[in-house]
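Below is one structure, written out as structure tokens, with a few remarks after it.
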Amino acid sequence: MLKCTINGKELQVKPGTTIMEAMQASGQHIAYYCWHPGLSVAGVCRLCMVEIKGNPRVQIACNTQITEGMEVNNTSPMVKDAVKWGLDFHLINHPLDCPICDQAGECGLQDQYMEYGKYTPEMAEAKVKKHKVQDIGPRVVLDSERCILCSRCVRFTSEVSKTNELGIFNRGDRSEIAVAPGKKLDNNYSLNTVDICPVGALTSKDFRFKQRVWFLKDVDTVCNGCSNGCSVKIYFNKEGVFRVKPVFNEKVNGHWMCDEGRDVYKFINREWRLLDAQISKASGSTAEFLLPEVAAQKVAQDLSQSSNKAGVALVLTGQYTLEEYESVVASFKNNLGTNKIYHWVNNPESFDHFDGLLNRGDKNPNTKGLLRVLEKNGINASWDQLEKSLNAGEIETLVVAAPENQAVYPELQTKIALFSKAKKLVWLSSTKTKQLSNPTTHTVQIPMKSFFEKSGTFINHAGLEQKVHRGMDVVPKALSLTAFAEIIAGLNEKVNRIVNEGAETGVHMPKRVQNEYTSIRGEL
Ligand code: SF4
Ligand code: SF4
Ligand code: FES
């Protein structure tokens, strides 16, 4: 280990550690744009200046390795002056269109200007105009006037996605980021470039102009887009859920997430949701609308009065939490006395696919959790058997815990046609199901909570248990599978507790606005 001192703090670091890494690890503050812990070192922004004792000039921290006995500081007047005028260079041709820029509120230029800048610009020349609002791919817009040429996005496409769409073209003050001729920034990881762009040059088409970031709260949770289980933050307020970003998780996703996972928030918002329970008695009949809890109680009553207990079956998808599987399996097995519990596998042919970076072919976040609970309860009912029983008209009541992310269940139509061979279908779903707009059998649809509205555990493809945290209620009346299971088991007092009790929440506000957060728009 090497000994060094940074801003008076004595540290011991491994040989090869840079000053930047040592400062990050010891929680010391330093300005930077081009350095990123998930990318190679470029050393181009010249903002991470430090003073090293015995060296007459300031040096960059990101590309200077620590040597034995090194004494470093980044708080001296010489360092502050270097950062200040480095920043002035970055802003020479910058359009300063913060009022219409999506990055405002979380922009490196704004932050560093408030911390180190605060100078009066001394440039008399007109700004060099560059291209604005360039459509460079299906998900990303480039405003190259705002770009500070940190090259993070270029390094991402060459080192991480390995798709090489982006480059820096031209020279001097005409240099610009652009896509290579004939190319588009079109890969399943393209939105990571938006996350790592320290300014508002790369913006997401989906998020642009939807919300000011200071109106958003966020919750740390797990993506439910596939079995990789990437750590993510979901951003939301009273108006709905607006975006998903990756959170560093060394064991699962590093610094990144895929573009497919960015869309999972859409199924949480009200326009996609099943808002009330509805009972449709037969094809063409008008549906009766009622509270989810009341509908579940009616199902419970039917099941308890039914003389044909052997005709009850349950279908589960890998989209619920471990705790929900435990309660629903216990309830069906112990209270209804059935072992007819089936695992609906949506895309068996691509289940084992892996794209080499993060994305997995099993598009369920908790297949492993479901399999664990089924195994623990000694349940191994085969899907073929379910199909046979349905075709033979032997199933009286079929309860299906339907997928929240219907986009990854392309065979929904054929499966619903099969399930509708039961005399009664109980369809538990957080999202509306257009294939059930005109059901062909007696159908009870009950709204379920989405993964964003409950806390629990997902087990990813590698067997890693991770906690899912509740953000807020989007459909407050919706039931969790646990609440449904308790109603079926007749444990209503417990249900009241589950329905009414404020569940654990992991919500937090951006630090910078914690004290100023008063907007009614952003209130929960
Ligand atoms: S577009 Fe953003 S990430 Fe890319 S070089 Fe410019 S400032 Fe850096
Ligand atoms: S790889 Fe899977 S878990 Fe990760 S962000 Fe993409 S869809 Fe979500
Ligand atoms: S962060 Fe060191 S030069 Fe950019």
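The values are calculated or read from the model by the stated rules, or taken from the named source; none is laboratory data. Here the structure is a predicted model, which means the values were calculated and not measured. Note that we place each Cβ from the backbone using ideal geometry, even for glycine, and neighbour counts take in every protein chain shown.
Mind listing whichever residues of segment 115-155 are surrounded by 12 or more Cβ atoms within 10 Å (Cβ to Cβ), of a type in the set (A, V, I, L, M) and in a loop (DSSP other than H, G, I, E, B)?
Across segment 115-155, the qualifying residues are 128, 136, 148, 149.
Within segment 454-472, restricting attention to residues that are part of a strand (DSSP E or B) and within 25 Å of residue 238 (Cα to Cα), which residue is nearest to the chain's Cα centre (by Cα)?
Our first condition is that a residue be part of a strand (DSSP E or B); within segment 454-472, this holds for 456-459, 465-468, 470.
Right, trim to within 25 Å of residue 238 (Cα to Cα) and you get 456, 467-468, 470.
Numbers: 456: 16, 467: 13, 468: 11, 470: 13 Å.
Only one residue fits best here, namely 468.
Tell me yes or no: at least one residue of segment 156-177 is crowded, with 20+ Cβ neighbours inside 10 Å, in a helix (DSSP H, G or I) and in contact with a Ser or Thr (Cβ under 9 Å, 6 or more places away or on another chain).
Yes, there is a match, as at least one residue in segment 156-177 is crowded, with 20+ Cβ neighbours inside 10 Å, in a helix (DSSP H, G or I) and in contact with a Ser or Thr (Cβ under 9 Å, 6 or more places away or on another chain).
What strands (runs of 3 or more DSSP E) completely inside segment 229-283 contain at least 1 residues that are more than 23 Å from residue 210 (Cα to Cα) and in the same structural domain as residue 440 (by TED's automatic domain parsing)? Walk me through how you get there before you give the answer.
Values: elements: 231-237, 240-246, 277-280.
Counting at least 1 such residues, we get 277-280.
So, in segment 175-202, how many residues would count as being over 17 Å from the mean Cα position of the chain (by Cα), closer than 22 Å to residue 104 by Cβ and β-branched (Val, Ile, Thr)?
Total meeting the criteria: 2.
Taking the criterion of being on the phi > 0 side of the Ramachandran plot and modelled with pLDDT of 95 or more, would at least one residue in segment 48-61 satisfy it?
Yes: one or more hits.
For residues that are within 12 Å of ligand 3 (Cβ to nearest atom) and either surrounded by 20 or more Cβ atoms within 10 Å (Cβ to Cβ) or among the β-branched types (Val, Ile, Thr) (or both), tally how many sit in segment 54-86.
Adding up the residues that qualify gives 9.
Condition check: in contact with a Leu (Cβ under 7 Å, 6 or more places away or on another chain) and either in a loop (DSSP other than H, G, I, E, B) or surrounded by fewer than 20 Cβ atoms within 10 Å (Cβ to Cβ) (or both). Does residue 194 satisfy that? Full working, then the answer.
Working: in contact with a Leu (Cβ under 7 Å, 6 or more places away or on another chain): yes; either in a loop (DSSP other than H, G, I, E, B) or surrounded by fewer than 20 Cβ atoms within 10 Å (Cβ to Cβ) (or both): no.
It is false that residue 194 is in contact with a Leu (Cβ under 7 Å, 6 or more places away or on another chain) and either in a loop (DSSP other than H, G, I, E, B) or surrounded by fewer than 20 Cβ atoms within 10 Å (Cβ to Cβ) (or both).
Please verify whether segment 110-129 includes one or more residues that are within 16 Å of ligand 3 (Cβ to nearest atom), over 26 Å from residue 212 (Cβ atoms) and either in the same structural domain as residue 60 (by TED's automatic domain parsing) or charged (D, E, K, R) (or both).
No, the conditions are met nowhere in segment 110-129.
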